[in-house]
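Derivation of every value follows stated rules applied to the coordinates shown; laboratory data play no part. As the structure is a computational prediction, the values presented were derived from the model and not from experiment. When we count neighbours, we look across all protein chains shown, and the Cβ atoms used for this are built from the backbone with ideal geometry, even at glycine.
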Amino acid sequence: MSAAAERDQVARVYTSARRHPWVLGKLGDFTLPFGPYTPAQLAVMAGGALVLIRTFSWWSWLGPLPVVAWGVAIWAARGTKIAGRSPVAAAVGWLMLLAAPAAGRIGGRAARDRGPHRLSGAFVIEDAPTASAGPRRRAKRRRSAFSASPAPARPVSGLAQLLHDTNPTLGGM
């Protein structure tokens with residue numbers, strides 16, 4: 001095998017890295033206490049802190065119980081999965097589903113039905129040729145790839161002969 005072919009055959013596997021969740025354990029040189037934290041835990045931590053600060057006057061008579069409940073909620077959010085996905089990935093999937101067009105996408109663009117439009121055309125009806133109109137042309141029959149032998153000759157009506165004369169690809173109708 002040549003060196004170029006060996007160079008082109010590179011395989012990389014990241015499955016083992018995907019099994020471990022993304023976590024945040026350090027901010028610069030500072031190590032987070034009781035860390036590392038997943039994005040779901042960080043969201044519960046930030047949201048819970050905001051709610052506890054804004055509603056302090058409502059729960060202050062309960063003592064440290066709401067703060068302990070907040071800590072338990074942070075701990076419980078460490079391994080949350082929604083249909084086997086992290087909550088952040090599931091939320092992004094839901095947002096993409098809500099933002100997707102109802103008819104779906106084709107080639108990256110929103111699929112749209114074509115608008116209605118009028119079809120127009122014309123046709124001409126002529127008299128059938130008479131027998132005294134002259135010698136009939138006989139087109140060579142084409143042998144189809146699906147038939148072993150040509151179709152047997154049969155009598156042709158006036159309209160079928162007219163169609164055959166104007167469009168020989170129709171064969172002997």
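Please give the net charge around Ala40, taking every other residue with its beta carbon less than 13 angstrom from that of Ala40, where Lys and Arg add +1 and Asp and Glu add -1.
Result for the local shell: +3.
Calculate, axis by axis, the spread of Cα positions in the range 32-118 along the three principal axes, and write the results as whole Å, longest axis first.
On the principal axes, the range 32-118 reaches 75, 30, 20 Å in Cα extent.
Sorted by packing (mean other beta-carbon atoms within 10 Å per residue), highest first, where do 63-70, 114-121 land?
63-70, 114-121
Which FRET efficiency value, to the nearest 0.05, do you get for Ile106 and Leu24 by plugging their Cβ-Cβ distance into 1/(1 + (r/R0)^6) with R0 = 41 Å?
0.55
Counting Lys +1, Arg +1, Asp -1, Glu -1, what net charge surrounds Gly104 among other residues with beta carbon under 13 Å of its beta carbon? Let's see the in-between values first.
Numbers: positive: Arg105, Arg109, Arg112; negative: Asp113.
Summing Lys and Arg as +1 and Asp and Glu as -1 gives +2.
Could you work out how far apart the two model spin labels at Leu119 and Ala43 are, taking each label as a point 7 Å from the Cα in the direction of the beta carbon, and quote it in nm?
In this crude label model, Leu119 to Ala43 measures out at 5.1 nm.
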